[in-house]
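The structure appears right after this line, and notes come after that.
Only the coordinates and a few stated rules stand behind these numbers; no lab work does. Every value quoted in this text rests on a predicted model; they were computed, and no experiment measured them. In this analysis, Cβ positions are derived from the backbone assuming ideal geometry, glycine residues included, and neighbour counts consider all displayed protein chains.
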Amino acid sequence: MMLAALLLVTQVAVQDPRLERLDPDTRASVTAIVDSAHGAGLPTEPLVQRALEGATKGAAGARIVTAVRRLAGDLGTARSALGARAATSELEAGVAALRAGASTQVLANLRTARRGPLTMALSVLADLVASGVPADSAAAAVLALAPNARDADLVDFRRAVERDIALGAPPAAAASVRVNAGAGARSPTDKSAPHLKVASPPYATTAFSPRVPRR
């Protein structure tokens, strides 16, 4: 009975009807990658979604297969660093951080330093790099904040760094100054718990509307 159930789960993973959108050769290749990932215990939904994204954009079959295969490899790398219990969202955020330039050791250190989900911490790391902060500086900043900062604190920190960069601060310096100033802390209006002091923008005194958080 147990064997039959396992076979049924495997068949569901292999025969995802959404992949019917792909041409036969591409579908066969993607299905093989998805099946292999499923057998390795990796999440398959991100792989299916990557294939469908390629189909929606009209990408060639070979490019779709390459993108799906690369993602499967990166998910495996992220899981090795974050642990077998890492959630799908953490693995996807881990892939983004790795592709931004973070090392597997940084991911492993985050796993050790931070209790609870790592999705936001990893996403903020990747976002900082996308904003121009060097990968090693972004990793150092997130690692410094990770043990005590809430997810909301990390979002506030990212917004503060992005604001300072928009006002002319060098990206690496903006991240460093904000870490030292405790810019990733709770808002002063949050009375639910103690918070660190949020410093004023160190590079300009003019008001700048923060961006809407990317969550």
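Quick notes on this structure:
- The protection proxy used here, the mean number of other Cβ atoms lying within 10 Å of each residue, ranks peptides 108-114, 127-133, 89-95 as follows, highest first: 89-95, 127-133, 108-114.
- By the count of neighbouring beta-carbon atoms within 10 Å, fewest first, Ser176, Ser36 end up ordered Ser36, Ser176.
- Nearest-0.05 FRET efficiency for Asn180 and Gln49, computed from C-beta distance (R0 45 Å): 0.70
- Extension gain, Ala62 back to Ala108 (0.36 nm per residue minus Cα-Cα distance, nm): 13.3 nm
- The alpha carbon centroids of segment 13-84 and segment 111-158 are separated by 28 Å.
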